[in-house]
Amino acid sequence: MGEGDQLFARFGRTFDAGDVLFREDEPGNTMFVIQAGQVRITKSTRDGSKTLAILGAGEFFGEMAILNAKPRTATAEAISPLRVLVIDAKTFGQMVVSNAEIAVRLITKLARRLDSANALIEVLMHRDPKARVILGLCRQAEMIGEEREDGSIWVPIDKVELAAEIGLTPDETDDVLVRLRRLKIVGDAHGGGFVVSDLQRLQEFLEFLEMRERFGDA
């Protein structure tokens, strides 16, 4: 039995797609580490529910309830069959004390979360929907994208989820995606999600849009 199987035998749980692991404002004293599957993290806003992140294998979440002993700040829902490790506060403390690598990974992860939050703020500050869609795609490609053999990146998020993250309607988002498809920068993936054929070209297109906005069409 490998180390991962031993950990799952001790701490593991499975969830089906659609299962809610915890809800915003609930008390919590456990964190979760994803072994397989994906989780959507959402937060309630005045305009409804907003997707904060979609997390995959190797990611962890729910740690803030352990670190600050406050209610959950978001809702976590399985979006595919899920295998997770469920770690309580006592076990987590023992792991951090006994393993410096875990402590370093936690600090690194929290720093990345802060960077991700800042990136989301940058997305939402853009008035141009084209820039919002591109920034949102770039952000998701960096967070959960999977590089394929041809160098393209599969982003496992659908139009509705992308629209919710960047604060646009699905129709507004699709208008931009149609243009990106026409330019062959973004395509639809078999089985769902998007394929970014060339991330650098997508970023260059964003720079072009920002330059045009700054200096006009002249």
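The values are calculated or read from the model by the stated rules, or taken from the named source; none is laboratory data. For clarity, every value in this text was computed on a predicted model and none was experimentally measured. Neighbour counts run over all protein chains shown; Cβ positions are idealised from the backbone, glycine included.
Quick one: which residue in 89, 9, 76 is on the phi < 0 side of the Ramachandran plot and modelled with pLDDT of 90 or more? First the steps, then the outcome.
Working: 89 fails: modelled with pLDDT of 90 or more; 9 fails: modelled with pLDDT of 90 or more.
From the options 89, 9, 76, the qualifying one is 76.
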If I filter segment 9-23 down to residues being basic (Lys, Arg) and within 15 Å of residue 62 (Cβ to Cβ), which single residue comes out as surrounded by the most Cβ atoms within 10 Å (Cβ to Cβ)?
23
Count, please, the residues in segment 178-212 that happen to be of a type outside the set (D, E, K, R) and part of a helix (DSSP H, G or I).
11
Could you please give the count of residues in segment 127-147 that are in a loop (DSSP other than H, G, I, E, B) and either basic (Lys, Arg) or over 15 Å from residue 56 (Cα atoms) (or both)?
2
Members of segment 44-79 found to be of a type outside the set (A, V, I, L, M) and under 14 Å from residue 20 (Cβ atoms), listed by number
44, 49, 61, 62, 72, 75, 77
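Quick one: which residue in 150, 175 is assigned to a helix (DSSP H, G or I) and not hydrophobic (A, V, I, L, M, F, W, C)?
Details: 150 fails: assigned to a helix (DSSP H, G or I).
That would be 175, the only listed residue that is assigned to a helix (DSSP H, G or I) and not hydrophobic (A, V, I, L, M, F, W, C).
How many of the residues making up segment 27-49 are part of a loop (DSSP other than H, G, I, E, B) and surrounded by 15 or more Cβ atoms within 10 Å (Cβ to Cβ)? So that I can check it myself, show each step before the final result.
Pass one, segment 27-49, residues part of a loop (DSSP other than H, G, I, E, B): 27-29, 37-38, 46-47.
Now drop any that are not surrounded by 15 or more Cβ atoms within 10 Å (Cβ to Cβ), which leaves 28, 37-38.
Residues in segment 27-49 being part of a loop (DSSP other than H, G, I, E, B) and surrounded by 15 or more Cβ atoms within 10 Å (Cβ to Cβ): 3 in total.
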Give the residue that is modelled with the highest pLDDT, with candidates limited to residues of segment 196-218 that are farther than 15 Å from residue 134 by Cβ and among the hydrophobic types (A, V, I, L, M, F, W, C).
215
